[in-house]
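The values are calculated or read from the model by the stated rules, or taken from the named source; none is laboratory data. Just so you know, these numbers come straight off a predicted model, no measurement behind them. As a convention, Cβ positions derive from the backbone with ideal geometry for all residues, glycine included, and neighbour counts pool all protein chains shown.
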Amino acid sequence: MYRKVEDFLEDWAHSAKGTIQVLESLTDDKLDQAIVEGHSTLGWLGWHITTSTAFFAGLVGLDVTVPSEESVPKKAAVIPETYKEISEKLVQEIKEKLTDEKMVEEVDQFGRLTPRGAILRDVILHQTHHRGQMTVLLRQAGLHVPGVMGPTKEQGGY
């Protein structure tokens, strides 16, 4: 759980950078790549990470809006562009509206009182989880797999 705004912002900057690297690896022709038929696709996962950031922000009382596009965009470039906009808005809202004292205040999360700092931890964990799924699908699709948490096999990492 985050107790200090600056701690979250530091971790967010690092996490968002890695997420952008993964999202920028998407291509229009591979947005439908799934591990097997009927499972989450690269496009869906990328758009889910992007839009869920605004959802988590809303849980802690921040105003981060999602663009009007409700389904997975047809153009891969829209996903990282939109993610960057939402990420920047999240940072702006946090700097303007949250204090260290507010990070430990409890807010309603689906009927359970939860500190804001715990919910903000969850947004990072959530995107890291889905980003990991995406790296598997990127490799399966023959696309570039960025070394987000260290070098990839292609980069001589293992």
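Just to be sure before I move on: is Ser87 within 21 Å of Glu24 (Cα to Cα), in contact (Cβ under 8 Å) with a residue 12 or more places away in the chain and buried (at least 17 other Cβ atoms within 10 Å of the Cβ) in the structure I sent? Answer is yes for this residue. Scanning the stretch 89-110 for residues that are assigned to a helix (DSSP H, G or I), more than 14 Å from Gly58 (Cα to Cα) and among the β-branched types (Val, Ile, Thr) gives a single hit, Val104. Residues of the stretch 103-139 that are without any contact (Cβ under 8 Å) to a residue 40 or more places away in the chain and basic (Lys, Arg): Arg112, Arg139. Taking the criterion of being buried (at least 18 other Cβ atoms within 10 Å of the Cβ) and either hydrophobic (A, V, I, L, M, F, W, C) or under 30 Å from Glu96 (Cβ atoms) (or both), the residues of the stretch 25-43 that qualify are Leu26, Leu31, Leu42. Remark: pairs (first residue in the stretch 1-15, closer than 11 Å to Ile124 by Cβ and of a type in the set (A, V, I, L, M, F, W, C); second residue surrounded by 15 or more Cβ atoms within 10 Å (Cβ to Cβ) and modelled with pLDDT of 95 or more; Cβ separation under 6 Å; 6+ apart in sequence or on different chains) = Phe8/Tyr2; Phe8/Leu120. Across the stretch 111-136, the qualifying residues are those that are part of a helix (DSSP H, G or I) and in contact with a strand residue (DSSP E or B) (Cβ under 7 Å, 6 or more places away or on another chain), and the one among them that is surrounded by the most Cβ atoms within 10 Å (Cβ to Cβ) is Arg116.
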